[in-house]
Amino acid sequence: MVPSREALLGPGTTAIRCRKKLQNQNYKGHGLSKGKEREQRASIRFKTTLMNTLMDVLRHRPGWVEVKDEGEWDFYWCDVSWLRENFDHTYMDEHVRISHFRNHYELTRKNYMVKNLKRFRKQLEREAGKLEAAKCDFFPKTFEMPCEYHLFVEEFRKNPGITWIMKPVARSQGKGIFLFRRLKDIMDWRKDTRSSDDQKDDIPVENYVAQRYIENPYLIGGRKFDLRVYVLVMSVFAECLLWSGHGRQDVHLTNVAVQKTSPDYHPKKGCKWMLQRFRQYLASKHGPEAVETLFRDIDNIFVKSLQSVQKVIISDKHCFELYGYDILIDQDLKPWLLEVNASPSLTASSQEDYELKTCLLEDTLHVVDMEARLTGREKRVGGFDLMWNDGPVSREEGAPDLSGMGNFVTNTHLGCVNDRKKQLRQLFCSLQVQKKASS
């Protein structure tokens with residue numbers, strides 16, 4: 001559901017800041033409608049530098065026109081480097097949308113994510129008790145290195161013989177990751193990262209996280225896998241508007257960027273399942289109730305992780321974010337959050353992957369709703385379900401009593417059968433009928 005523009009409006013300082021920017025000639029304005037209302041625009045001017053599935057979807061969207069170089073745009077799917085360098089110097093009109101929150105890294109940088117989750121867990125324990133705080137126990141024990149090195153060593157010595165994994169906080173696609181079981185391995189790494197006065201004075205030490213390795217992963221055909229689920233966030237301000245839906249499962253070495261180097265990798269077939277197939281597989285092995293519990297726990301990961309950054313992420317009314325959640329399932333059917341990606345890969349590795357990402361991006365644009373077609377009351381748009389809107393969203397119509405949460409069922413159908421094309425066709429036909437009736 002896309003809320004009203006008033007609902008998406010962030011703190012009052014945002015509007016003041018924008019007015020001041022108009023007085024500075026160094027600021028570039030975008031989306032200036034020159035007297036026309038958003039609903040009256042003949043076309044949507046878009047810009048992106050990503051030459052992959054995204055560009056295909058944008059170019060084929062009716063009424064959307066590509067803008068190159070320094071032309072004014074209404075919609076910009078930017079990379080995070082552009083955001084970092086230009087966001088504070090850009091004036092954007094009311095209807096303009098951009099594909100990242102200003103400080104998205106509070107959730108997507110590994111050390112910040114863990115820091116925010118730990119802080120939020122402590123807050124829940126103080127305010128709601130240990131039972132509620134336990135709902136945040138979905139990430140492995142983690143330490144930031146080198147600043148928490150001594151705390152890590154203390155924990156390491158309490159549990160000798162277990163496996164740990166080291167991950168650079170700001171890299172992706174499996175780069176820089178290694179496993180270790182001996183403290184000597186980490187001590188050698190620590191020596192390598194220390195800078196010497198005569199060689200590395202100006203080079204900052206790269207931060208890592210040391211994370212307890214999940215040694216009992218759920219296997220399919222003897223192979224390890226993880227889940228990639230896409231979560232679309234339209235606002236993290238007071239109402240925190242959250243859509244979840246599209247997803248797939250990577251089987252084998254868990255990271256596709258790593259899998260491509262394997263001799264048995266097939267570029268056309270890949271090694272991915274759709275979540276629907278994965279859910280059906282689990283139901284045949286463990287029964288529907290166990291699978292329902294698992295996917296409910298996955299939904300909890302989305303909600304709690306975003307609540308943990310709700311007070312620190314700058315929620316600008318122009319911004320949205322398509323996050324890629326990476327989740328590992330263990331043998332007890334417990335989901336673990338591995339990381340969250342601010343720029344999930346939109347390059348297809350197979351024909352099936354291309355179709356998945358095409359549908360994902362089309363539905364993302366439907367929810368962002370540059371065309372202003374939605375009413376704001378929709379609970380499902382294509383493959384996305386609205387699961388949080390200033391509180392959990394129910395599958396049932398109306399406003400259910402949440403005091404006991406007894407019969408409450410969250411509006412999420414992750415991995416369930418969904419005729420996406422039929423749903424979209426019915427949705428937009430209904431919207432056209434409503435528009436004609438009101439005109």
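Summary of computed values
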{"read-out": "Where a label projected 7 Å from the Cα of F428 along Cα→Cβ would reach, residues of the stretch 45-86 with amide N under 13 Å", "value": "60-64"}
{"read-out": "Given K110/K272; K175/K311; K47/K304, the pairs whose alpha carbons are separated by over 29 Å", "value": "K175/K311; K47/K304"}
{"read-out": "Sequence ranges 217-227, 346-356, ranked by mean other-Cβ count within 10 angstrom, highest first", "value": "346-356, 217-227"}
{"read-out": "Distant-in-sequence amide H partners of S394 (H built 1.01 Å from N, under 5 Å)", "value": "N411"}
{"read-out": "Residue among M113, H95, L124 farthest towards the positive dipole end of the stretch 94-136, charges placed on Cβ", "value": "M113"}
{"read-out": "Exceeding the 20 Å Cα-Cα cut-off - candidates K118/K184; K357/K435; K115/K141; K118/K379; K135/K224; K135/K167", "value": "K118/K184; K357/K435; K118/K379; K135/K224; K135/K167"}
{"read-out": "Radius 14 Å from Cβ of S305, net charge of other residues (Lys, Arg +1; Asp, Glu -1)", "value": "+2"}
{"read-out": "Within-13-Å neighbourhood charge of L58 [Cβ basis; K, R +1; D, E -1]", "value": "+3"}
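Read-outs: derived from the displayed coordinates by stated rules, not from any lab. None of these values were measured; they are calculated from a predicted model. For neighbour counting, all protein chains shown are included, and Cβ atoms are generated from backbone atoms with ideal geometry for every residue, glycine included.
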